[in-house]
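Coordinate-derived values only; no laboratory data. The structure presented is a predicted model; accordingly, all values stated were derived computationally and were not measured. All Cβ positions, glycine included, derive from the backbone under ideal geometry; neighbour counts span all protein chains shown.
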Amino acid sequence: MNPRLVKSPISLVFSDAQIDNELFQREYQQLSESEDNAINQWLKLAKARGETSETDPVLLNLVVELHNKIDALEMLIKNEKPARVSLSAEAQIDSIGFEHFNLSDALLDEGHEYYGRIEMPIHPKRDVGVFFQAQSKTLAKIIRIHERDEREWGAYMTARERVLIRENREKK
């Protein structure tokens, strides 16, 4: 059974999961918590207390994102980088499905498990940690991804599919 895939150019860095599974597990957890910086924690608490009920949610999210961008610029100016595990391979994903993705080059060993970071082209841009298993030299099945990331992955895949359908209609 071949999974349904949609063309989508995304970057991936990865390593064999057996190289240092404990280190990869730690980063995987950190990436899920990376959105829990001070301003995002404050926003969650304010929402829980009902303090944001009279605030425009879109405007509030934009202000929070602006704050995060300023933090990112500050890190850039100070030449600070988020601590990331060094991964051994880089690849380009050429198509994605809800549980699969396909690499443009044959870099995988069938049956092996890998840990990787996918640079999601969504707003806000961020890295998504994922464990995946090679189904072939290019096809991978996602075996572990955080729930929020899985929702965003599915939403991105659906959006890409809509774009391609629209492009095909315009060609006709």
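Annotations for the structure displayed:
- Projected label points at A155 and L66, each 7 Å from Cα along the beta carbon direction, are separated by 2.2 nanometres.
- Comparing S53, S86, S32 in a Gaussian network model of the chain where C-alpha atoms under 10 Å apart are linked, the largest mean-square fluctuation is found at S53.
- Spin-label zone in the range 75-104 - amide nitrogen under 18 Å from a point set 7 Å from the Cα of D20 along the C-beta vector: 81-90
- Cut-off 11 Å, label 7 Å out along Cα→Cβ of K7, residues of the range 132-169 by amide N: 164-165, 167-168
- Ranking of D105, D127 by neighbouring Cβ atoms within 10 Å, starting from the fewest: D105, D127.
- Structure-derived P(r) over Cα pairs in 10 Å bins from 0, in percent: which label, when the choices are (1) 9, 28, 28, 19, 11, 4, 1; (2) 9, 31, 31, 21, 7, 0; (3) 10, 32, 27, 22, 10, 0: (2)
- Once both labels are positioned 7 Å from their Cα atoms along Cα-to-Cβ, the gap between R144 and R49 label points is 3.7 nm.
- Residues considered: V63, V130, V85. Largest GNM mean-square fluctuation over the chain, using C-alpha springs under 10 Å, is found at V63.
- Most mobile listed residue (I122, I70, I93) in the chain, GNM with C-alpha springs under 10 Å: I70
- Here's the list of aspartates and glutamates a cross-link from K47 could span, going by alpha-carbon distance under 13 Å and ignoring same-chain residues fewer than 8 apart: D56.
- Cross-link check: pairs K125/K171; K44/K141; K7/K171; K44/K125 evaluated at a Cα-Cα cut-off of 27 Å; pairs beyond the cut-off: K125/K171; K44/K141.
- Alpha-carbon centroid distance for the pair the range 113-172 / the range 54-111, whole angstrom: 12
- Computed from the C-beta positions of D56 and V163, the FRET efficiency with R₀ = 35 Å rounds to 0.80.
- Over the chain, DSSP H runs of length four or greater, each weighted -39,500 (n - 2.57), average out per residue to a 222 nm ellipticity of -13500 deg cm²/dmol.
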